[in-house]
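Values in this text are rule-based calculations from the coordinates and carry no lab data. A quick note: this is a predicted structure, and the numbers were derived from the prediction, not measured. Every residue, glycine as well, gets a Cβ built from its backbone with ideal geometry; the counts of neighbours run over all protein chains shown.
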Amino acid sequence: MLDIQKIRADFPILSEKVNGKPLVYFDNGATSQKPQIVIDAEAEYYQEINANIHRGVHTLSQLATDAYEISRVKIQHHINAKFSHEVLFTSGTTHGINLVTNGFASILKPGDEVVVSSLEHHSNIVPWQMLCERTGATLKVIPMNEDGELIMDAFDALLSEKTKVVTVNHISNALGIINPIKYIIEKAHAVGAAVLIDGAQAVPHLKPDVQDLDCDFYAFSGHKMCGPTGTGILYGKEAWLNKLPPYQGGGEMIKEVTFEKTTYADLPHKFEAGTPNIAGGIVLGTAVDYLNNIGFHNIQKYEEHLLEHATKRLLEIEGLKIYGTGKNKASVVSFNIDGIHPYDIGSIIDKLGIAVRTGHHCAQPIMNFFCIPGTIRASFSFYNTKEEIDVMVEAVKKAKTMLS
Ligand SMILES: *Cc1c(COP(=O)(O)O)cnc(C)c1O
């Protein structure tokens, strides 16, 4: 089992006080905290090898380039991509998704269909809507049930030879539901559609295997998996990345430039215009190492206990309703208390040092489905404890008494 106190000592922020109380950080779904090794690696890069990459013959430039490319290979192995050039550095999930939707603008035609799910984050809805507006394609939505699960019969019925892309998140950020993506990918491929998986909420909890999943694209952010903000990865199958046009033009992504014509660089550089977040890309590799040292199997087992404990304790509170009651769930609890606005509870428990997210969680269609303005979301990481959950439960009880 995990030595949680030892792990907690890796995260300096966890010993901070907020509003005079020990911090209880349950907003991991928005961003994770960073271990000292990640914080140090960022400073070390700037102190020791800072230089621009892929363009200098000088020693520091080569050291920086090597560190950046080693990180790419590390992430390739982490997600089990076939080639390292299928691993593109991005600024985050949003960037990765927009890179793909931009590319599909030259592929989709009026009458084509794009299938998204009703559980998506806005960043996996809006870019597809923009794409449909540009191309005349139609957006179709996989519906969900009262437990927050996607309805697979309805999904099957949406698919046809008109379906060109299917996109769904691996794990819902608002409810924590784990979607049956293997089934979705298989069915989508059967009608010839490409599949993009939004893995932003999955990568902190599990190790995706993109070859086993057989997805065409898998996008995620570094900052939700103990890495720096402004980092992320888009995995794309080689054939798709060769087919899509570049996203941005600029330095680094070219082979040859004249005013008549520019030829593009090979993968992955074709999609990496301009000077990237070099330090961030390198340090994302450090974060991946850190997580693998703890072990995703251990993380999952431990987080299951946290989820179970939180669900049981919260349901002791009269009038409390949990959203996302499906069986297959990550360590996220989204809830409301009868007659009380989520924001009011969030504000009161913040005074007690507890950080949770309140609101629509960038997933307004889900809130509309349940006819609520938002929820209180507690999202747990492997560095959280049952004792912290008990502190939150007592604080929510107190807030309820104050507000009702
Ligand atoms: C956080 C999140 C995103 C957006 O990630 P950014 O890091 O803000 O680009 C997309 N989808 C899901 C499911 C998320 O949780």
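For the chain, the longest principal axis of the Cα atoms and the long axis of helix 181-190 meet at an angle of about 40 degrees. Considering only Gly281, Gly319, Gly359, the Gaussian network model of the chain with Cα springs below 10 Å gives its largest mean-square fluctuation to Gly319.
Beyond 13 Å, the tail of the calculated P(r) for region 91-157 holds 64 percent of the Cα pairs. When the Gaussian network model of the chain links Cα atoms closer than 10 Å, the mean-square fluctuations of His297, His360, His85 top out at His297.
Think of region 39-293 as having a plus end and a minus end, set by charges on the Cβ of Lys, Arg, Asp and Glu; of Val165, Ala154, Ser71, Val165 sits farthest toward the positive end of this dipole. Across the alpha-carbon atoms of region 39-293, the computed radius of gyration and Dmax are 18.6, 60 angstrom.
To the nearest 20 Debye, how big is the dipole of the chain about its Cα centre, given +1 on the beta carbon of each Lys and Arg and -1 on that of each Asp and Glu? Mind showing how you got there, number by number?
Details: 36 positive and 46 negative charges, 79 e Å.
My answer is approximately 380 debye.
The distance separating the Cα centre of region 255-278 from that of region 332-404 comes to 46 Å.
Tell me which GluC sites (Glu not before Pro) from region 298-353 have a DSSP coil assignment and no more than 15 other beta carbons within 10 Å of their own.
Numbers: sites: Glu303, Glu304, Glu308, Glu316, Glu318; in loops: Glu316, Glu318.
Of the GluC sites (Glu not before Pro), the ones in loops of region 298-353 whose Cβ has at most 15 other Cβ atoms within 10 Å are Glu316, Glu318.
Would you kindly state how much longer the chain becomes between Asp338 and Asn292 on full extension, computed as 0.36 nm times their sequence separation minus their alpha carbon distance, in nm to one decimal?
Details: separation 46, 0.36 × 46 = 16.56 nm, distance 4.09 nm.
Length gained between Asp338 and Asn292: 12.5 nm.
For region 323-404, the set of trypsin sites (Lys or Arg not before Pro) satisfying both a DSSP loop assignment and a count of at most 12 other C-beta atoms within 10 Å is given as Lys327. With the cut-off at 1.5 for a/c, could you classify region 34-81 from its C-alpha gyration tensor as rounded, prolate or oblate? Oblate is the answer for region 34-81, as a/c is 1.5 or above yet b/c matches or exceeds a/b. Structural descriptor for region 150-245: relative contact order 22 percent, calculated from alpha carbon pairs under 8 angstrom and at least 6 residues apart.
Once Lys and Arg get +1 and Asp and Glu get -1 on their Cβ, which of Val38, Leu60, Val24 lies farthest toward the positive end of the dipole of region 24-77? About the Cα centre, the residue reaching furthest to the positive side is Leu60.
What does the extension gain come out to for His122 and Tyr46, with contour length at 0.36 nm per residue minus their alpha carbon separation?
Value of the extension gain: 23.9 nm.
Over the residues of region 1-100, compute the C-alpha Rg and express it relative to 2.2 N^0.38 Å. List each step's numbers first, then the result.
On the way: Rg = 17.8 Å, N = 100, 2.2 N^0.38 = 12.7 Å.
In units of the 2.2 N^0.38 Å rule of thumb, it is 1.41.
Distance between the C-alpha centres of region 205-250 and region 79-157: 13 Å, rounded to the whole angstrom. So which residue, out of Val195, Val116, Val257, gets the largest mean-square fluctuation from a GNM of the chain using Cα contacts under 10 Å as springs? Residue with maximal mean-square fluctuation among Val195, Val116, Val257: Val257. Restricting the trypsin sites (Lys or Arg not before Pro) of region 239-282 to loop positions (DSSP other than H, G, I, E, B) with no more than 10 neighbouring Cβ atoms within 10 Å leaves Lys261. Dividing the summed -39500 (n - 2.57) terms of all DSSP H runs of n ≥ 4 by the residue count of the chain sets its mean residue ellipticity at 222 nm at -11500 deg cm²/dmol.
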